Amino acid sequence: MLRVEVVGFISAGQEVAGSTRSPALLLHVGREGWGSRARGQAGAAAQVRTLQTAGCGGELPASLSEPTLPQLGPHLPTRLRQQPWSLLYCTARDGFSLRTLYRCTSQLSSPALLLIRDTEAQAFGAFSTSPIHVSNGFYGTGETFLFSFSPELKVFRWTGRNSFFLKGDVDLLMVGGGSGKFGLWLDGDLHHGGSCPCETFNNESLSPRGEFCIRDLEVWGLA
């Protein structure tokens with residue numbers, strides 16, 4: 001298990017000391033887009049806490065050493081904003097398989113952060129206070145949300161119109177729904193997915209084309 005421990009404060013424009021191998025670092029300090037180095041938030045210091053980058057298959061591959069998710073941390077529930085995160089699953093390390101994703105997250109009993117980058121370099125995903133798992137029906141809470149970077153961060157929160165937060169079939173993962181449309185769905189091979197406006201989140205399509213091919217996918221949970 002690779003354990004990254006960086007505890008301290010950084011200022012704007014200063015690179016994070018130690019390793020920048022994890023997008024979890026950027027939940028606290030990132031402002032750049034995917035593929036850039038971790039930097040401090042403008043005008044304020046940010047504390048980087050302990051995190052782990054181990055899941056099913058060991059160390060995070062170098063090809064995904066510096067993905068970032070800017071500004072997302074402040075949109076998480078307050079109680080989670082300073083928590084350490086652990087990489088549970090990533091396609092570059094564990095392969096493209098929804099069943100493998102379920103297996104890697106099977107021990108998770110904490111919130112989950114789903115990060116996706118498609119073949120057109122669009123970044124988007126979902127946050128759930130419930131772990132991702134196979135289910136007979138929809139599950140989750142009103143703290144679930146969808147998000148996209150196009151390129152600015154947009155967060156789509158629960159509307160209260162229904163409770164179709166997440167549903168995990170063996171060969172299909174769905175987030176948000178209503179009237180036969182899903183806010184986000186992924187197929188069993190984790191090669192293809194789609195996004196439509198849905199009643200649960202009143203979201204825009206997370207991908208400009210509606211359907212997309214997955215380039216990278218990661219699931220993070222609390223360490």
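Data for the structure
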{"read-out": "Residue in the stretch 112-128 that is out of contact with any Lys or Arg (no Cβ under 8 Å at 6 or more places or on another chain), modelled with pLDDT of 95 or more and not in a strand (DSSP E or B) present", "value": "no"}
{"read-out": "Residues located in the stretch 208-223, provided they are of a type outside the set (Phe, Trp, Tyr) and within 15 Å of the chain's Cα centre (by Cα)", "value": "Ile214, Arg215, Asp216, Leu217, Glu218, Val219, Gly221, Leu222, Ala223"}
{"read-out": "Subset of the stretch 136-162 [over 13 Å from Leu184 (Cα atoms), of a type outside the set (D, E, K, R) and surrounded by 15 or more Cβ atoms within 10 Å (Cβ to Cβ)]", "value": "Phe138, Tyr139, Gly140, Phe149, Leu153, Val155, Trp158, Thr159, Asn162"}
{"read-out": "Selection status of Gln82, in contact with a Lys or Arg (Cβ under 7 Å, 6 or more places away or on another chain) and part of a loop (DSSP other than H, G, I, E, B)", "value": "yes"}
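The values are calculated or read from the model by the stated rules, or taken from the named source; none is laboratory data. The structure displayed is predicted, hence computed values, not measured ones. A quick note on method: Cβ atoms are made from the backbone with ideal geometry, for glycine too, and the neighbour counts reach across all protein chains shown.
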